[in-house]
Amino acid sequence: MSSGPADLNSVRIAVVSSDPAFRRMINDQLTGLLEDKLKQPCDIQMFDDKAPASFLMEPACALITFEDEEELKVLSRLASRHPNMLLLALSGNGSVSRAVASMQAGAHDFIARPVSADVLSSRMSEMIAHHRPAPRSDIVLSSRPTAASTPDGMGASRAQDQSSDFEIMRDFEGFIGKSPAMHGVYDQIMRIAGSKAPVFITGESGTGKEVCAQALHARSSRSSGPFIAINCSAIPADLMESEVFGHMRGAFTGANDDRKGAAELADGGTLFLDEIGEMPLDLQAKLLRLIQTGSLRRVGGSQEISLNIRFIAATNRDPLEEVRAGRFREDLFYRMHVLPIHLPPLRDRSGDIVPLAKSFLNQYAHEEGKSFRIFSTEAERMLEAYRWPGNVRQLQNAIRRLTVMYDGTVVEPDHLPDLLHSDDSFERDLNRAISDLRQMGAAMSDAIQPFWQQEKQIIEGALSHFDGNISRAAAALEISPSTIYRKRMSWAQKEPA
């Protein structure tokens with residue numbers, strides 16, 4: 001352990017390892033390397049105990065070495081008890097299953113041993129720099145626009161602008177939203193961004209799946225590499241193979257030159273496959289081979305091309321239902337569905353509607369040379385009352401339309417689309433509430449449910465309470481996060497097809 005009192009400004013790190021040689025290496029080399037990279041002092045504590053009863057102080061980051069199930073339980077227990085702690089797992093077994101097990105237990109990153117102090121310090125400094133400080137409800141990040149407007153409309157335009165007084169307010173990596181549901185998403189992104197494992201994003205159209213993928217890329221060690229996004233639903237089936245895997249000259253009519261596909265262009269970075277369920281089944285098999293082997297052949301080519309890619313997939317459908325229907329390969333689903341993220345619809349985060357609308361109004365008023373600055377109280381009420389079936393993209397389009405069509409400084413109810421003036425939304429909400437109450441009454445009158453269904457209700461209820469945060473739900477239920485992952489997989493098998 002450290003010999004003196006901790007510097008209040010130091011980065012606190014705990015090392016839990018039963019390997020004395022590893023602890024000596026950390027003690028002799030890591031501190032200086034980390035302090036050089038982070039530009040601030042580090043206070044490192046050593047634990048040779050596999051399960052320390054408590055930390056002398058809760059660290060900002062912990063290194064955990066594990067070689068068996070008991071040591072993996074230590075990692076899971078720390079993730080449950082200290083949800084804000086950054087956890088880096090190390091193991092002599094560098095298999096994919098071991099990496100996945102550590103991530104499911106709550107680790108932010110996984111490294112196979114042996115590893116040099118220099119490599120370890122680089123990965124740790126990147127993880128700490130990307131994840132600290134954690135987002136809080138009272139923090140808003142202000143940054144200047146940097147890139148093209150995103151298809152899902154989360155955050156405001158990132159187009160370069162020379163105006164000195166135009167700034168877009170973001171809460172997290174292009175997202176705007178301080179609701180508990182969104183903070184749960186931010187926490188998931190921070191936890192898994194540093195991993196090399198595939199990520200599977202689900203959510204309705206317009207919820208910001210591409211923005212989520214960009215955030216994962218931006219907070220990963222691949223952030224300096226390319227981010228390549230491809231929408232599988234927007235490409236004709238006969239062209240998709242060439243778009244993803246590339247082709248050689250003469251491979252088909254019109255192939256006049258060798259051409260790299262999206263996968264090759266993403267080498268060293270991230271490949272985002274939006275609406276992956278729209279990919280034909282034969283190409284899904286080819287994609288599965290690329291993920292498993294890390295290599296591909298272009299259409300019409302014979303050479304194996306090795307690539308280094310982080311895969312992120314997304315869909316607006318229920319992936320398990322797609323698997324049951326035979327539209328999505330089961331083996332590809334389980335290969336991609338390692339680190340899942342679900343984006344909530346806008347109707348489940350109504351407190352974010354007005355901040356999003358204000359950001360879009362600021363953006364488009366500036367772009368269109370208009371004077372709009374605020375919404376009237378009644379206009380804000382109408383925005384919050386509407387259910388927004390098209391989610392953030394629909395809200396974005398509505399604000400842009402009114403900015404183009406009207407003039408003024410205050411957005412009034414008459415400026416808003418006609419559909420927001422209809423009482424139909426209220427009637428739909430009322431009918432839905434009545435239907436929900438009837439379903440609840442029917443459920444209460446049913447016979448006793450099987451134990452696994454009651455167990456599912458308890459766990460899903462805890463997850464809902466903690467906005468999908470598995471570590472916090474597990475801590476409240478006094479179980480490990482890995483138990484929740486395992487239970488969810490068993491439920492999927494028991495649910496009727």
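Derivation of every value follows stated rules applied to the coordinates shown; laboratory data play no part. Keep in mind that this is a model prediction, so the values were computed, not measured. Cβ placement follows ideal geometry from the backbone for every residue including glycine, while neighbour counts extend to all protein chains displayed.
Listed by chain and number, the lysines whose alpha-carbon sits under 29 Å from that of Lys456, ignoring those within fewer than 8 places in the same chain, are Lys73, Lys178, Lys209, Lys487, Lys494. Kirkwood radius and radius of gyration were both taken over the C-alpha atoms of the stretch 447-497, and their ratio Rg/Rh is 0.98. Scanning residues 5 or more positions from His342 or on other chains, those with amide H under 5 Å from its amide H are Thr202, with H placed 1.01 Å from N in the peptide plane. Cβ-to-Cβ counts within 10 Å put Ile374, Ile64 in ascending order as Ile374, Ile64, the fewest first. Residue ranges 472-483, 296-307, 247-258, 388-399 sort as 388-399, 472-483, 296-307, 247-258 when ordered by packing (mean number of other C-beta atoms within 10 Å per residue, highest first). For the stretch 240-353, the percent of C-alpha pairs falling in each 10 Å distance bin, counted from 0 to the bin holding the largest distance, reads 13, 40, 29, 14, 4, 1.
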